[in-house]
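To start, the structure itself, in structure tokens.
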Amino acid sequence: MRGTDRVPEFIEHARSTYPAVPFAVGSIEAIDEPDRSLGGILSWFSTIHYSPADIAAPLAEFRRTLRVGGTLLLGHFDSDGAIEPFDHAVVRAYRWPVEEMAAVLERAGFTIADVHRRADPGQRPVAAVLCRNGGASAEG
């Protein structure tokens, strides 16, 4: 198990909270792991800043590093309608209807296993999609 984030302050917080887990500054667009080497990836709100035009890059990297049948759990902000940009901290983020996120994951080569939605009063609605790496890459 290990963790990656682009924000050094988040990495320092993670290291102090979970000292037994290795954490490093890095990008989900360039995961420092060999092809098909990971059994699972937890992408918990890691893709929220990717627009519809850019979401394919991290999803392709997840596919590259996950072994066939490997599991991806992707959490994101949910939307009842269209994909919606919104201001989040210092960088724009996106709400994705869970059905649209599932469709994007399927187009990227994942097989959807389960979907969960939650809308607590006073909180942004959230969703999680559990999927498996379907096998051969889009390139062949």
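Throughout, read-outs are computed from the coordinates displayed, never taken from laboratory work. Small disclaimer: the values here were computed from a predicted structure and weren't measured. Backbone-built Cβ (ideal geometry, glycine too); neighbour counts: all protein chains shown.
Pop the C-beta distance of residue 12 and residue 68 into the FRET formula with R0 = 35 Å and round what comes out to the nearest 0.05. The formula returns an efficiency of 0.50 here. Between residue 51 and residue 21, the C-beta separation translates, for a Förster distance of 30 Å, into a calculated FRET efficiency of about 0.50.
Under 5 Å from the amide H of residue 28 lies no amide H of any residue 5 or more positions distant or on a separate chain, with H modelled from the backbone and absent for Pro and chain starts.
Residues of the stretch 91-113 with an amide N closer than 20 Å to a point placed 7 Å from the Cα of residue 124 along the Cα-to-Cβ direction: 91-105. GNM on the chain, alpha-carbon springs under 10 angstrom: the most fluctuating residue among 20, 103, 30 is 20. Here the extension length gained between residue 106 and residue 91 equals 2.7 nm, from 0.36 nm per residue of separation less the Cα-Cα distance. Computed on the Cα trace of the chain, the radius of gyration divided by the Kirkwood hydrodynamic radius gives Rg/Rh = 0.96.
Computed over the chain with a Gaussian network model linking Cα atoms closer than 10 Å, the most mobile of 115, 91, 25 is 91. Tell me, how many Å apart are the Cα centres for the stretch 46-69 and for the stretch 74-140? Between the Cα centres of the stretch 46-69 and the stretch 74-140 lies a distance of 11 Å.
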